[in-house]
There are 4 protein chains.
Amino acid sequence: MTAPKFAGIIPPLCTPLHDDFTVDTASLRRHIDFQLEAGVHGVFVLGSSSEVAFLPDRQRQVVIETAVDQVAGRVPVLAGCIDMTTLRVAEHLKTAEAAGADAMVVTAPYYTRTHSAEIDLHFRLLHDGTELPIFAYDIPVAVHTKLDRQLVLALAADGVLAGVKDSSGDEAGFRFLLKGRRERGLDSFAVFTGSELLVDSALALGADGAVPGLGNVDPAGYVRIHDHFRTGDTAAARREQERLLSLFGITDVAPPARMGRGSAALGAFKAAMKMRGFIDNAVTAPPQLPLNAEELLQIKEKLAESGLL
Amino acid sequence: MTAPKFAGIIPPLCTPLHDDFTVDTASLRRHIDFQLEAGVHGVFVLGSSSEVAFLPDRQRQVVIETAVDQVAGRVPVLAGCIDMTTLRVAEHLKTAEAAGADAMVVTAPYYTRTHSAEIDLHFRLLHDGTELPIFAYDIPVAVHTKLDRQLVLALAADGVLAGVKDSSGDEAGFRFLLKGRRERGLDSFAVFTGSELLVDSALALGADGAVPGLGNVDPAGYVRIHDHFRTGDTAAARREQERLLSLFGITDVAPPARMGRGSAALGAFKAAMKMRGFIDNAVTAPPQLPLNAEELLQIKEKLAESGLL
Amino acid sequence: MTAPKFAGIIPPLCTPLHDDFTVDTASLRRHIDFQLEAGVHGVFVLGSSSEVAFLPDRQRQVVIETAVDQVAGRVPVLAGCIDMTTLRVAEHLKTAEAAGADAMVVTAPYYTRTHSAEIDLHFRLLHDGTELPIFAYDIPVAVHTKLDRQLVLALAADGVLAGVKDSSGDEAGFRFLLKGRRERGLDSFAVFTGSELLVDSALALGADGAVPGLGNVDPAGYVRIHDHFRTGDTAAARREQERLLSLFGITDVAPPARMGRGSAALGAFKAAMKMRGFIDNAVTAPPQLPLNAEELLQIKEKLAESGLL
Amino acid sequence: MTAPKFAGIIPPLCTPLHDDFTVDTASLRRHIDFQLEAGVHGVFVLGSSSEVAFLPDRQRQVVIETAVDQVAGRVPVLAGCIDMTTLRVAEHLKTAEAAGADAMVVTAPYYTRTHSAEIDLHFRLLHDGTELPIFAYDIPVAVHTKLDRQLVLALAADGVLAGVKDSSGDEAGFRFLLKGRRERGLDSFAVFTGSELLVDSALALGADGAVPGLGNVDPAGYVRIHDHFRTGDTAAARREQERLLSLFGITDVAPPARMGRGSAALGAFKAAMKMRGFIDNAVTAPPQLPLNAEELLQIKEKLAESGLL
């Protein structure tokens, strides 16, 4: 297997839903087109921002099939294969393969208490069962395990992992990972940050790209950061990122006393996507709670402030 | 819905597997018969001890169907419906209902960051969609959320929850839960401890029963604790529990530096079950690691010390 | 050194303060007399309930000297020597020794990231520098390290530790500790629970006694639990403990949104102590926040419900 | 009070000790001179790198007095006033004031369970009692509380805090803090990163400076990052930072199975300082464990690789 090279801005697409919580494929197609028109370099479906944890398997399948069909080869499609342990993830890998995804994104085991030797085996067994490249998804806030840097680099060196999406929030660790990649000559191993708040910093450190949840709302902004960085205008990249920091305030309008931070963030992303005309319905899957009218108004104001309405 | 009354020793059955990780139904049937002959008052399939997090949905279904068929109404069959959020759990509920389970066991949402108001909604929506009683499964080590006591009692008062299996390790909280039940007159709400190490203590506090993982290895021991307690011989109950504390040492023979605590415990349970003739194959699902020969020998010795070989 | 035997109910005394946060020694003396009249078997000063973390060294010294003088040998006086690392704790040991304490209570290192081998060295060095018995204080909520059971037993076997106060909330671990003590024949090693909610359970498991914070408010209740247990009336012990569970509700009247759980609990203890006439002033040290009038009223009602006013 | 402006590279000085764990003032003076010759813009004594948690009060006082005397006004001297709660910290403030420190550095309360409203009161009371500027020290790894960003900014706006040293590892939060400072016009409020691994990134985000522990070993390297940044040569700044990333490997030569991460890091810093001739003795305070000969050799090699020997 030779890993294709992945790079640039690859937003983790939210999944538009109907009121019965089936996938609104028309909205998903429209959203994808908005993303591609904005210049994104790939799309990542069935990540945490997609409500992957909330979607039944049948709906997950619809998401991948729709995305692959709509993207139609214009950019790579990465698909999250998010489940608790090896055999369950392996089934999602088969679905993603059959649906035509270009790469799969896999976390460490969760629910169970795990161990580095088990995480190692997990990725190796999954790799043995697929032709597609596998990205490790380092997301301790969800799986409660931080991927060990040396393990990730060893799996990369052995061709098990094609890349990593680092959503751990550990910037120093991220830097060591990039350093380790360089020292081991793992040029084809792709390193992405999952933070929408530090994309310019991550690119400056040598990351290949970013998977910004807020890119659902403002893909063009993230593409501009990327372009400014490529042309060496780091000041403009920083200004753009800082505008997006302000925009990220939409994820905080619903107070922690009322709902979980997931509900607040995904509800805000979807509300903003609807306000921008990307999707028809901002509903989120249960048991997430909806934003109220006052909160929606604040989101509208923040979109306007950021020049998006 | 009137909740049936659940009480006594209800072990969370391990799932015997073939080398290809499909369910060894013959061993499962034999294991169930050993359990019932030992006098257990119910069985709980697809709990954490069953490797529920490791089993694909089709294998989960086989487990419930086999258990319901083999138990044949002799005792209640509780089935874990373990998944990340409401819609996914709802699908497992349907499977469990169709397979003839007597009650379902459901955790708080996980992978996603959740909130008490969302956990509340989660259980209410699931209850709305089923005729079967639902037990809350309080297991922070797996889902990283402790169920709020007041929430559990409110859901019990509203008939949403028929019971709780408390594997939180918070004995003071467990006692407050029992106190709250008594004060609110929720007599039909069943409260079980999930700790195999404190069954006598839990019964003394007023618990209805226990779901002891170690009961896979020595069901008769736990039934004796229960019987001693019922006849008022607390000293004998304690002696029996303390023998089982020693036996629990089998879960520690594999060192933490070599494998996760889940692998070590489930591998030990299955090895001991095989040594006792309950099942044919002690294999555990990937990415769990196997015990080595030296560790198996230690388990054998501990079984002998405890009078089980 | 031969360790004196410690056993029974040894409340961790709150420290009454003047408005300038110096120790109100007259109230402390009166409080100690109330405790001894209630039949407690020892007193523990400068534990977490004493606001030891809030008291400057000079005030700590006043507390020990006052307590030793007032107790006047009627029961043992244990003194908390609570600080971050070895050299700092050693200075508190010297103060406690000079003041005439009968035993010292010491936690694992904190603030710094520590390790079992360092905790081992910590206790050994402290033991080398004193003639007095040392109790380990296992309180992860404060020091963010759980003492390893095998380490505690090894230190006990070597005569480094004379006992342990287990405030870890890990009842299964507590049971294993008691089992380990029995198996190693460490009869003079004293094991106390720090939970005021599980004293009857702990005694049933074989603990030597309890260090109940709520004993500041109702020492006689805890002495009754102890006496009922000694006479074999476990039902009466349980009833008494359950009354005290209700009384413990005083620590919850101030809502978590308004203040920390420490402020809420210590403020409630002191308010109740004042209402019962044990001390003159319920002030707590900064930056703890005071209870408000409404909250004080609720505490009064709970004291009345529990028959204490 | 008008806060003096603090900026640039301000290393948190290690404290050289004699074998009896008293401060080796001659080495401390020499170390300070090495630092100042390397061009640092301030020194921070009694931070976590200084073993402040290990030093008795008398030794802490010697450290400040020696540093103030040796620095002799050439750069500002910041002094950590690290203790559990308000009254205890207030005593350290008095000592630091008397010794002539230019600013004090204070954490949130620890050991006790705290609350934002209490942290707010803590800093306000301390500010009321001193003329000197107070820096908040955000170090969750030690105190187990993350300072709330809005609270820090509000305290800055009210003149309570003169600055913050952010050792939380939360780079996104750090960025929001810098953004909040800018939006509120809090120009004199100094924001420092405590990470030695992200100094170039932090400066690029707008930080005023850094407090790098590794600066004890290679102050000139950090000064070069700062200078490169000021002259706009971000590539050179990054190269220098990446060399220092490699050098940071000295903190990992002692394995986690053998000692705590604090022992490993502070032992390595001191060993390297001794090898470079800054100090005479690399001993660390108990209960920290010493590095062994093999580990010291590895440190020597890493110093040589980094061009420092």
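The values are calculated or read from the model by the stated rules, or taken from the named source; none is laboratory data. Quick caveat: nothing in here was measured; it's all calculated off a predicted structure. As a convention, Cβ positions derive from the backbone with ideal geometry for all residues, glycine included, and neighbour counts pool all protein chains shown. With ligands, DNA and RNA removed, areas are computed over all heavy atoms of the protein, side chains included. Shrake-Rupley method; radii C 1.70, N 1.55, O 1.52, S 1.80 Å.
So which of D:26, D:96 is in a helix (DSSP H, G or I) and in contact with a Gly (Cβ under 9 Å, 6 or more places away or on another chain)?
Result: D:96 is the single residue among D:26, D:96 that is in a helix (DSSP H, G or I) and in contact with a Gly (Cβ under 9 Å, 6 or more places away or on another chain).
I'd like the residue in segment A:294-309 that is within 23 Å of residue B:113 (Cα to Cα) and of a type in the set (A, V, I, L, M, F, W, C) and, out of all such residues, is most open to solvent (accessible area, probe 1.4 Å).
Among them, the one singled out is A:296.
Give the residue, chosen from A:15, A:22, that is under 16 Å from the mean Cα position of the chain (by Cα) and of a type in the set (S, T, N, Q).
A:15
I need the full set of residues from segment B:204-229 which are open to solvent by less than 10 Å² (accessible area, probe 1.4 Å), in a helix (DSSP H, G or I) and over 19 Å from residue B:269 (Cβ atoms), in order please.
B:205
Go through segment D:41-51 and count every residue that is in contact with a Cys (Cβ under 9 Å, 6 or more places away or on another chain) and either within 12 Å of another protein chain (Cβ to nearest Cβ) or outside any loop (DSSP other than H, G, I, E, B) (or both).
3
Tally time: how many residues in segment D:230-243 are open to solvent by 50 Å² or more (accessible area, probe 1.4 Å) and within 14 Å of chain A (Cβ to nearest Cβ)?
Summing the residues that are open to solvent by 50 Å² or more (accessible area, probe 1.4 Å) and within 14 Å of chain A (Cβ to nearest Cβ) in segment D:230-243 gives 7.
Does residue D:271 meet the test of being among the small types (Gly, Ala, Ser), away from chain C (no Cβ under 14 Å) and under 20 Å from the mean Cα position of the chain (by Cα)?
Taking the combined requirement at face value, the residue satisfies it.
Could you please find all residues in segment A:174-199 being of a type in the set (D, E, K, R) and either open to solvent by less than 20 Å² (accessible area, probe 1.4 Å) or in a loop (DSSP other than H, G, I, E, B) (or both)?
A:175, A:187, A:196
Of the residues B:65, B:37, B:91, which is under 22 Å from residue B:145 (Cβ atoms), over 14 Å from the mean Cα position of the chain (by Cα) and surrounded by fewer than 24 Cβ atoms within 10 Å (Cβ to Cβ)?
B:91
For residue A:36, all conditions in the list (1) part of a helix (DSSP H, G or I); (2) closer than 23 Å to residue A:143 by Cα hold save one; what is the number of the exception?
(2)
In the list A:15, A:66, which residue meets the criterion of being assigned to a loop (DSSP other than H, G, I, E, B) and β-branched (Val, Ile, Thr)?
Exactly one of A:15, A:66 is assigned to a loop (DSSP other than H, G, I, E, B) and β-branched (Val, Ile, Thr), namely A:15.
Would you call residue D:101 at negative phi, more than 8 Å from chain C (Cβ to nearest Cβ), in a helix (DSSP H, G or I) and open to solvent by less than 30 Å² (accessible area, probe 1.4 Å)?
Against the criterion (at negative phi, more than 8 Å from chain C (Cβ to nearest Cβ), in a helix (DSSP H, G or I) and open to solvent by less than 30 Å² (accessible area, probe 1.4 Å)), residue D:101 does not qualify.
I'd like the residue in segment A:70-88 that is away from every other protein chain (no Cβ under 14 Å) and part of a helix (DSSP H, G or I) and, out of all such residues, is most open to solvent (accessible area, probe 1.4 Å).
This residue is A:70.
Condition check: more than 30 Å from residue D:202 (Cα to Cα) and modelled with pLDDT of 95 or more. Does residue A:125 satisfy that?
yes
Go through segment C:198-218 and give me each residue that's in contact (Cβ under 8 Å) with a residue 40 or more places away in the chain and either more than 9 Å from every other protein chain (Cβ to nearest Cβ) or of a type in the set (Val, Ile, Thr) (or both).
C:199, C:208, C:209, C:210, C:211, C:212, C:213, C:214, C:215, C:216, C:217, C:218
Every residue in segment C:104-125 that is open to solvent by 10 Å² or more (accessible area, probe 1.4 Å) and under 23 Å from the mean Cα position of the chain (by Cα), please.
Across segment C:104-125, the qualifying residues are C:111, C:120, C:124.
Of everything in segment D:244-255, what is open to solvent by less than 10 Å² (accessible area, probe 1.4 Å) and in contact with an Asp or Glu (Cβ under 7 Å, 6 or more places away or on another chain)? Give them in sequence order.
Once the filter is applied, which keeps residues that are open to solvent by less than 10 Å² (accessible area, probe 1.4 Å) and in contact with an Asp or Glu (Cβ under 7 Å, 6 or more places away or on another chain), segment D:244-255 yields D:244, D:247, D:254.
Does segment C:130-165 hold any residues that are among the charged types (D, E, K, R) and more than 18 Å from residue C:97 (Cβ to Cβ), and which are they?
C:138, C:146, C:148, C:149, C:158, C:165
Would you point out the residue of segment C:122-173, among those that are assigned to a helix (DSSP H, G or I) and in contact (Cβ under 8 Å) with a residue 40 or more places away in the chain, that is farthest from the other protein chains (Cβ to nearest Cβ)?
Within segment C:122-173, the match that is farthest from the other protein chains (Cβ to nearest Cβ) is C:126.
If residue D:258 passes every condition in (1) within 14 Å of chain C (Cβ to nearest Cβ); (2) free of Cβ contacts under 8 Å to residues at least 24 places away in the same chain; (3) surrounded by fewer than 19 Cβ atoms within 10 Å (Cβ to Cβ) but one, which one does it miss?
Exception for residue D:258: condition (2).
Among the numbered conditions (1) assigned to a helix (DSSP H, G or I); (2) open to solvent by 30 Å² or more (accessible area, probe 1.4 Å); (3) away from every other protein chain (no Cβ under 11 Å), tell me where residue A:281 comes up short.
With (1) assigned to a helix (DSSP H, G or I); (2) open to solvent by 30 Å² or more (accessible area, probe 1.4 Å); (3) away from every other protein chain (no Cβ under 11 Å) applied to residue A:281, the lone miss is (1).
For residue D:283, which of the numbered conditions (1) out of contact with any strand residue (DSSP E or B) (no Cβ under 7 Å at 6 or more places or on another chain); (2) more than 18 Å from residue D:34 (Cα to Cα) fails to hold?
Condition (1) is where residue D:283 drops out.
Taking segment C:230-262, which residues are charged (D, E, K, R) and either in a helix (DSSP H, G or I) or within 15 Å of residue C:196 (Cα to Cα) (or both)?
Selection gives C:230, C:238, C:239, C:240, C:242, C:243, C:252, C:261.
Given the structure, is residue A:53 in contact with a Phe, Trp or Tyr (Cβ under 6 Å, 6 or more places away or on another chain) and modelled with pLDDT of 95 or more? Steps first, answer last, please.
Working: in contact with a Phe, Trp or Tyr (Cβ under 6 Å, 6 or more places away or on another chain): yes; modelled with pLDDT of 95 or more: yes.
Yes; evaluated as a whole, the condition is true for this residue.
Can you tell me which residue among C:96, C:67 is touching a Cys at 6+ places or on another chain (Cβ under 8 Å), more than 12 Å from every other protein chain (Cβ to nearest Cβ) and more than 30 Å from residue B:246 (Cα to Cα)?
C:96
Mind telling me which of the residues A:188, A:195 ends up being within 9 Å of chain D (Cβ to nearest Cβ) and farther than 12 Å from residue D:201 by Cβ?
Only one candidate passes the filter, namely A:195.
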